[in-house]
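The values are calculated or read from the model by the stated rules, or taken from the named source; none is laboratory data. All figures in this text were calculated on a predicted structure; none of them were measured in a lab. Backbone-built Cβ (ideal geometry, glycine too); neighbour counts: all protein chains shown.
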Amino acid sequence: MTPVNPVGDGTYWTMAAKTDAQWVPVAVSADILAGTVVPARLPTGPIAVWRSATGNLYANGDRCPHRGMRLSHGFVRGETLSCIYHGWRFGTDGACQKIPAHPSVTPPKTINCGPLHVAETNGVVWAAAKEPAEPPQFYPGYEALRSLVIVSTPAAIAAATNATIIDGAIQTTLGGQDAVLLMSPQGPQEVFILVLARPNLNLADRLAVSSALEALRRSAEAVEGAA
């Protein structure tokens, strides 16, 4: 199959090729409803991705500067994210806006949870530690279906699909349907996979793609285990 809208020079992608200023797929947009926060990960470490009450998307480091509690365990209030431990509240710029135990104190801007760059295309949430020069990759005619983590490597996943990795993605067929697999290594032997499929699939076809993805996970983990 011909790669969909390839970017760059088509060289094989590895984790080492990723930089802080490159977009990384971290979540399915539909999984992050307004007023919710979810955990995700960049090569630089864990992050919290959240959508404000008005539907705007944000991301920051997943540690509260106060006691180190994961902010992805917290909750969204309006246009702010609150830590579940002591309620420290952070704005869209990552700066602390309120310390409930000291309501009369104006927190200094240096108390900050580290804002990140986020974007959405094809129903995919992309994040980057530094601002990339270009918008994230767009795959016409596809939308995000689901995600999962495979305990394996990108090379083993490519071997299991008998396909080539180009710019962090594999174009293949799952359950008899065209699919694009976006990959982001989470560690030496763990890969976050986000599958894109055609948007007009019926429920049976979507379930077939999902089942085939689970079969791919088992196959890739078997390939890596036999290596």
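Is it true that G78 is farther than 26 Å from N200 by Cα, out of contact with any helix residue (DSSP H, G or I) (no Cβ under 9 Å at 6 or more places or on another chain) and crowded, with 17+ Cβ neighbours inside 10 Å? The answer is no for G78. Here A159, A119, A133 are screened, and the one residue that is at pLDDT below 90 and either under 18 Å from L42 (Cα atoms) or not in a strand (DSSP E or B) (or both) is A159.
Inside region 25-79, can you point out the residues that are in a loop (DSSP other than H, G, I, E, B), aliphatic (A, V, I, L, M) and within 23 Å of E143 (Cβ to Cβ)?
Result: I32, L33, A34.
Restricted to region 49-98, and to residues there that are out of contact with any Lys or Arg (no Cβ under 6 Å at 6 or more places or on another chain) and touching a residue at least 60 places away in the same chain (Cβ under 8 Å), the residue that is farthest from P115 (Cα to Cα) is V49. Residues in region 123-161 that are of a type in the set (A, V, I, L, M, F, W, C), crowded, with 21+ Cβ neighbours inside 10 Å and out of contact with any Ser or Thr (no Cβ under 8 Å at 6 or more places or on another chain): 6 in all.
Taking the stated definitions as given, is V151 hydrophobic (A, V, I, L, M, F, W, C) and modelled with pLDDT of 95 or more? So V151 does not fit the description; no. Scanning region 93-141 for residues that are within 17 Å of the chain's Cα centre (by Cα) and of a type in the set (S, T, Y) gives T121, Y139.
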